[in-house]
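Down below is the structure, laid out as structure tokens.
The values are calculated or read from the model by the stated rules, or taken from the named source; none is laboratory data. Keep in mind it's a predicted model, so treat the numbers as computed, not measured. With ideal geometry, Cβ positions are generated from the backbone for all residues, glycine too; neighbour counts draw on all protein chains shown. Accessible surface is based on the protein model in full, side chains and every heavy atom, while ligands, DNA and RNA are left aside. Shrake-Rupley method; radii C 1.70, N 1.55, O 1.52, S 1.80 Å.
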Amino acid sequence: MEKGKGKDRPKPGDHAEAENAEAIIPRIENKSRKFETLIKQYKPVDALKTALEGSPLKTKDERCKSANWLVVRRALMAIKGVDLMFSSLDPEYYDILMKYLYRGLSTGDHPICEQCLKIHEKLTQKAGLGCILRALSNTVNTV
């Protein structure tokens, strides 16, 4: 957990060991409700942060990964100003975001691929090539 602004919040991908789906799915459902509230408040960057936080990286359960991907996908599509996004997005999110961008590109869905490519370009400028290498080489913690 990360300490900040008087409350604890999980870092992106902050799970020490693999958990079972029964423990992960309720967390994703809670995250999804918080995400919906932020979208309704026109806070897409905060919604993206919420979607990325606590991503189930170590689980092998595809239901968990897919459920979390749906939240992240909606967050990515809600981003209208990519440059503005990076003025508000903390560097701790960059690596997990890159993993999700590659997942989005793998779908072949034109709108999500187009959005992922826009964000990928800016993220690479901001975070450097190391972010790409970490996303592609880490095959244990997958999205």
task: Output the residue which, of all residues in segment 24-45 that are farther than 18 Å from L89 by Cβ and of a type in the set (S, T, Y), is surrounded by the fewest Cβ atoms within 10 Å (Cβ to Cβ).
output: T37
task: Answer yes or no: is there a residue in segment 86-109 that is modelled with pLDDT under 95, of a type in the set (V, I, T), open to solvent by less than 90 Å² (accessible area, probe 1.4 Å) and touching a helix residue (DSSP H, G or I) at 6+ places or on another chain (Cβ under 8 Å).
output: no
Index of the failed condition, R73 passing every other in (1) part of a helix (DSSP H, G or I); (2) exposed (fewer than 15 other Cβ atoms within 10 Å of the Cβ); (3) among the charged types (D, E, K, R): (2)
task: Return the total of residues in segment 47-69 being within 15 Å of the chain's Cα centre (by Cα) and either touching a residue at least 40 places away in the same chain (Cβ under 8 Å) or not in a helix (DSSP H, G or I) (or both).
output: 14
task: Please indicate, with yes or no, whether at least one residue in segment 46-60 is under 24 Å from N138 (Cβ atoms), touching a Lys or Arg at 6+ places or on another chain (Cβ under 9 Å) and open to solvent by 70 Å² or more (accessible area, probe 1.4 Å).
output: no
